[in-house]
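Visitor: Below you'll find the structure I mean.
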Amino acid sequence: MMDPLSFDQLLDYLDTQESQFVLDSIATHGFLTATIVGPELPNWIEALFEGHISEIPANVVDGIKRWRAAILAELKNETPIELPFNEDAGSEQAIDFSEESDIVAWSIGFVDAMYGDDASDWFADEETSDDVAVLTLPMIVLSGIDDEDPELAQMRANEDNMVQMVNGIESNLTELFLLFHTND
């Protein structure tokens, strides 16, 4: 019988692991969020650990499954997902958009899940693909996934634009969830 990890123990594990197959806690939250708001990703736990789940302790896998269930419960209770980065885009303090920032780490995790499995195509439905592109644009831009794209680089260079994107993430997540998980 395994001892379940507390939430703090799970975060400590994720943030202290040196394994290339374990995302830090902020990026893991982004990944889990994408698996919830987006189309079904049947092998999400395998995708999270890049196929190396056998190397992850069972209590960590259990903790991550419980964490994902808690995020899903927030949405189902019509509570916006609480984002794990400290930047408040409405404050007068400058937001950190550097590669080491929590916003970027969270966005990388989110985008990793978006493209984590070929069976899960966020843009498959022609009727919603434009909406999905608009709603996921902040995460794609913030992640820096395609830093060779001149349009994305231009967006990243405009700090006001970046602040607007950060401010829109919470509502975009709710819209994505409704888009993929309701019949309307």
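Visitor: Please tell me the relative contact order of region 1-68 in percent, rounded to the nearest whole number, where contacts are Cα pairs under 8 Å and at least six residues apart. Working shown, then result.
Guide: Working: 46 pairs, mean separation 31.2, N = 68.
Reported relative contact order: 46 percent.
Visitor: How far, in nm, would the chain grow between residue 181 and residue 9 when pulled straight, counting 0.36 nm per residue and subtracting the alpha carbon separation?
Guide: 58.8 nm
Visitor: Roughly how many debye, to the nearest 20, is the charge dipole of the chain about its Cα centre, given +1 on each Lys and Arg Cβ, -1 on each Asp and Glu Cβ, and no other charges?
Guide: The calculated dipole for the chain is roughly 660 debye.
Visitor: May I ask you to give the solvent-accessible area per residue for the chain, in square angstrom, as obtained with a 1.4 angstrom probe?
Guide: Value returned for the chain: 56 Å² of accessible area per residue.
Visitor: Same structure again: If you roll a 1.4 Å probe over the chain with all protein chains in place, what percent of the accessible area is carbon or sulfur?
Guide: Ligands and nucleic acids excluded, carbon and sulfur reach 45 percent.
Visitor: Okay, next question. Using the alpha-carbon atoms, what tilt in degrees (0 to 90, nearest 10) does helix 159-181 show relative to the longest principal axis of the chain?
Guide: Compared with the principal axis, the helix lies near 60 degrees.
Visitor: Taking only Cα atoms, what is the 0 to 90° angle, nearest 10, from helix 58-76's long axis to the longest principal axis of the chain?
Guide: It is inclined by approximately 40 degrees.
Visitor: Right, something else. Considering Cα pairs under 8 angstrom that are at least six residues apart, work out the relative contact order of region 1-150 and quote it in whole percent.
Guide: RCO, region 1-150: 30 percent.
Visitor: With viscosity set to 1.306 mPa s and temperature to 10 °C, compute the Stokes-Einstein D of the chain, Rh being the Kirkwood radius across alpha carbon pairs; µm²/s, no decimals.
Guide: It diffuses with D of about 93 µm²/s by this estimate.
Visitor: Here's something else I'd like to know. How big is the dipole moment of region 96-147 about its Cα centre under a simple scheme where the beta carbon of each Lys and Arg is +1, that of each Asp and Glu is -1, and everything else is neutral? Debye, nearest 20, please. Working shown, then result.
Guide: Working: 0 positive and 15 negative charges, 30 e Å.
Here the size comes out at about 140 debye.
Visitor: Another question about this same structure. Enter the angle in degrees (range 0 to 90, nearest 10) between the Cα long axis of helix 25-37 and the first principal axis of the Cα atoms of the chain, meaning the one along which they spread out most.
Guide: The answer is roughly 80 degrees.
The values are calculated or read from the model by the stated rules, or taken from the named source; none is laboratory data. The model shown is predicted, which means the values in this text are computed figures rather than measured ones. Positions of Cβ are generated from backbone atoms using ideal geometry, with glycine treated the same way; all protein chains shown enter the neighbour counts. Accessible surface is based on the protein model in full, side chains and every heavy atom, while ligands, DNA and RNA are left aside. Shrake-Rupley method; radii C 1.70, N 1.55, O 1.52, S 1.80 Å.
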